[in-house]
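> Have a look at the structure that comes next, please.
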Amino acid sequence: MASPDDRPHKRSVLPASAGLMEATFLLEATYMEPPAHPRVELLRPRPSPEAVREAHFYKDGSICPLYPPDGTWDWSRPDSMAEYLDTVAIWLAKYAYWEFTRRHYGKGIWVGSAIPHGKLGLLSRIPCDSQCYCRSGLKFRECHGRDLC
Ligand SMILES: [Zn+2]
């Protein structure tokens, strides 16, 4: 049992007693019809129900490596799939840490910034001309924001 001073929210590193973090993943990445974002599924290890609920997955079980309204990913670039997979690699490192902290502390810690999902307040702040959060690649006003824009 970790002492209070060893809890991750008190320190930025894990205590030495936590051991090394090592993870291997098997993914399936599907290129979708533009302008939709690729769909990436974690095949092994299968994510836990807690992870799908709390650790940046879409409702269909695929991973959510970036926030589409930010416009950081553009399918029209020639290396768009490679760029998307770069964000997936970062997501995997964060996810591995989330699972590691969940196992060691009972609560997963997502490192770095993150956008909470599914909040109505969040939806009302997506600019209408930004990409929709659902990764369709469509503008928010043309997709899930029809009633809000
Ligand atoms: Zn949408």
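> Sorted by packing (mean other beta-carbon atoms within 10 Å per residue), highest first, where do 94-101, 71-78, 125-132 land?
So the peptides 94-101, 71-78, 125-132, ranked by packing, come out 94-101, 125-132, 71-78.
> Let me ask something else about it. When Lys and Arg each count +1 and Asp and Glu each count -1, what net charge do the other residues less than 13 Å away from W98, Cβ to Cβ, add up to? Don't jump to the answer; show the numbers that get you there.
Values: positive: R53, K94, R102, R103, K107; negative: E50, E54, E99.
With Lys, Arg at +1 and Asp, Glu at -1, the net is +2.
> Ok, one more. If the reach is capped at under 16 angstrom between alpha carbons, list the aspartates and glutamates near K107, excluding any in the same chain fewer than eight residues apart.
D5, D6, E50, E54, E99
> Note down the nm distance, to one decimal, between modelled labels 7 Å out along Cα→Cβ at Y31 and at D129.
It is 3.0 nm.
> Is segment 63-149 rounded, prolate or oblate when judged by the Cα gyration tensor, a ≥ b ≥ c being the square roots of its eigenvalues, rounded requiring a/c under 1.5 and prolate requiring a/b larger than b/c?
Taking the square roots of the gyration eigenvalues as a ≥ b ≥ c, segment 63-149 is oblate.
> Can you list the HN-Hα couplings for segment 125-140, worked out from phi with the Karplus curve (6.51, -1.76, 1.60; θ = phi - 60°), rounded to whole Hz and with x for Gly and Pro?
So the J values, rounded to whole Hz, are 9, 6, x, 4, 8, 7, 5, 5, 5, 6, 6, 5, x, 7, 5, 3.
> Length gain on complete extension for the stretch T24 to R103, per 0.36 nm per residue less the alpha carbon to alpha carbon distance?
26.8 nm
> Can you work out ³J(HN,Hα) from phi for every residue in segment 23-28, in order, using Karplus 6.51 cos²θ - 1.76 cosθ + 1.60 and θ = phi - 60°, giving whole Hz and x for Gly and Pro?
Whole-Hz 3J(HN,Hα) from phi for segment 23-28: 8, 10, 10, 10, 10, 10.
> What number comes out for the charge environment of Y84, summing +1 per Lys or Arg and -1 per Asp or Glu over other residues with Cβ under 11 Å away?
So the surrounding residues net to -1.
> Among V40, V52, which comes first, second and so on when ranked by fewest other beta-carbon atoms within 10 Å?
V52, V40
> Would you kindly derive the ³J(HN,Hα) couplings of segment 99-108 from the backbone phi angles with the Karplus curve 6.51 cos²θ - 1.76 cosθ + 1.60 (θ = phi - 60°), listing them in order in whole Hz, with x for Gly and Pro?
Values per residue, Gly and Pro as x: 5, 4, 5, 5, 5, 7, 10, x, 9, x Hz.
No value in this document is a laboratory result; all are computed from the given coordinates. This structure is a prediction, so every number in the text was calculated from the model and none was measured. Note that we place each Cβ from the backbone using ideal geometry, even for glycine, and neighbour counts take in every protein chain shown.
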